[in-house]
């Protein structure tokens with residue numbers, strides 16, 4: 001196992017050579033499965049939100065008969081594929097969350113999500129079609145775990161136990177899928193690609209300053225849920241000065257609020273909403289549909305599928321977390337991607353936490369950058385792509 005884990009790479013994820021493609025929680029999950037549930041590990045194993053392939057490939061190397069995978073992040077999917085090729089192991093098949101677990105699945109390895117709504121939706125989707133013998137091991141770093149996660153799992157599993165902590169990591173063991181979850185596994189599922197639950201998707205009305213209200217549709221786990229976060233609110237407040245555009249992108253789109261605003265500003269334009277998260281992309285599709293506007297959605301790592309010099313306008317509220325780590329690398333990569341895709345003279349409009357000081361980076365990667373608004377919390381800039 002040590003040799004396998006040491007061979008894994010984070011690529012194409014952000015992070016320098018000092019960051020590993022696995023952590024102590026991944027290793028604990030694999031060791032605990034092997035020592036406490038060897039029979040289940042030898043059967044059909046399902047893996048949810050493996051970050052770079054350590055869990056899926058580790059389960060395969062430990063003798064799992066079949067490994068089925070669901071990863072929300074397209075970067076995680078690409079990292080798993082690359083690591084499978086790098087280690088010579090077969091790449092496990094990707095499955096929609098709603099179809100991940102079968103009656104033959106004996107074990108689930110889950111990286112504990114930080115969103116309780118995402119955890120509830122995942123637990124319900126897994127428990128619904130599961131056999132009574134299914135064992136779920138949900139692991140994470142202790143600093144990101146709370147007793148409430150136990151309660152969430154207990155809504156879908158009759159027995160929930162907590163393993164001893166190891167290396168600042170902990171595992172929750174859930175067994176005996178609840179009869180209610182098994183009885184109605186498909187009730188009100190929002191979309192087969194993302195799973196869902198009886199109370200999803202969330203819907204709410206947002207009222208951006210100076211713009212008509214819009215309906216926000218959010219699947220569990222998407223950034224900001226069905227609310228209008230204050231960064232996006234600050235960004236939308238500058239839309240009275242948008243340049244003319246025929247081809248615009250809502251990059252890192254989340255629920256697609258910005259894409260809807262762009263489509264309203266120019267209904268004839270091509271609007272693309274793209275995000276690394278499948279849950280976000282589906283939320284954006286549903287938000288556009290709810291507001292009666294035409295938006296193309298795409299699950300992508302940045303703008304990797306877009307041709308050079310093809311967009312007039314790109315709008316971005318960049319994330320600054322890679323998993324649990326705070327980093328500016330994601331924003332810098334998205335700035336560079338936007339510079340490639342913008343036509344000369346096109347504009348990148350960005351909202352960012354004022355203390356991050358992105359303006360010199362935007363000047364270097366994109367072109368001349370002017371400040372549109374600034375508060376103690378947020379800054380909105382417009383960068384013109386140099387020719």
Candidate set: the stretch 132-147, residues that are assigned to a strand (DSSP E or B) and within 23 Å of residue 103 (Cβ to Cβ); chosen: the one farthest from the chain's Cα centre (by Cα)
135
Could you count how many residues in the stretch 90-120 are under 26 Å from residue 168 (Cα atoms) and in contact with a strand residue (DSSP E or B) (Cβ under 7 Å, 6 or more places away or on another chain)?
6
Test residue 68 against the criterion of being closer than 20 Å to residue 88 by Cα, in the same structural domain as residue 129 (by TED's automatic domain parsing) and at pLDDT below 95, and give yes or no.
no
Checking residue 67 against (1) buried (at least 18 other Cβ atoms within 10 Å of the Cβ); (2) at positive phi, only one condition comes out false. Which one?
(2)
From the list 80, 55, 41, 89, which residue is surrounded by 22 or more Cβ atoms within 10 Å (Cβ to Cβ) and either outside the structural domain of residue 147 (by TED's automatic domain parsing) or more than 26 Å from residue 282 (Cβ to Cβ) (or both)?
41
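From 229, 337, which residue is within 29 Å of residue 377 (Cα to Cα), out of contact with any strand residue (DSSP E or B) (no Cβ under 9 Å at 6 or more places or on another chain) and surrounded by 17 or more Cβ atoms within 10 Å (Cβ to Cβ)?
Only one candidate passes the filter, namely 229.
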Among the residues of the stretch 243-257, what is the count of those that are surrounded by fewer than 22 Cβ atoms within 10 Å (Cβ to Cβ) and under 17 Å from the mean Cα position of the chain (by Cα)?
0
Tell me whether the stretch 226-242 contains one or more residues that are farther than 25 Å from residue 371 by Cα and either part of a helix (DSSP H, G or I) or within 16 Å of the chain's Cα centre (by Cα) (or both).
yes
Provide a single number: the residues in the stretch 208-222 that are buried (at least 22 other Cβ atoms within 10 Å of the Cβ) and part of a loop (DSSP other than H, G, I, E, B).
4
Residues within the stretch 252-283 that are out of contact with any helix residue (DSSP H, G or I) (no Cβ under 6 Å at 6 or more places or on another chain) and under 23 Å from residue 71 (Cβ atoms), tallied
10
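Looking only at strands (runs of 3 or more DSSP E) that lie completely in the stretch 36-124, which have at least 2 residues being closer than 30 Å to residue 303 by Cβ?
44-48, 66-70
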Boolean, residue 106 is out of contact with any helix residue (DSSP H, G or I) (no Cβ under 8 Å at 6 or more places or on another chain) and either more than 20 Å from residue 53 (Cβ to Cβ) or outside the structural domain of residue 26 (by TED's automatic domain parsing) (or both):
no
Select from the stretch 148-168 the residues that are at positive phi and not in a loop (DSSP other than H, G, I, E, B) and list them in ascending order.
none
Since residue 112 meets every condition but one in (1) over 15 Å from the mean Cα position of the chain (by Cα); (2) under 17 Å from residue 155 (Cβ atoms), which condition does it not meet?
(1)
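The values are calculated or read from the model by the stated rules, or taken from the named source; none is laboratory data. Quick caveat, the model's predicted, so the values are computed rather than measured. Please note: Cβ atoms are built from the backbone with ideal geometry, for glycine as well, and neighbour counts cover all protein chains shown.
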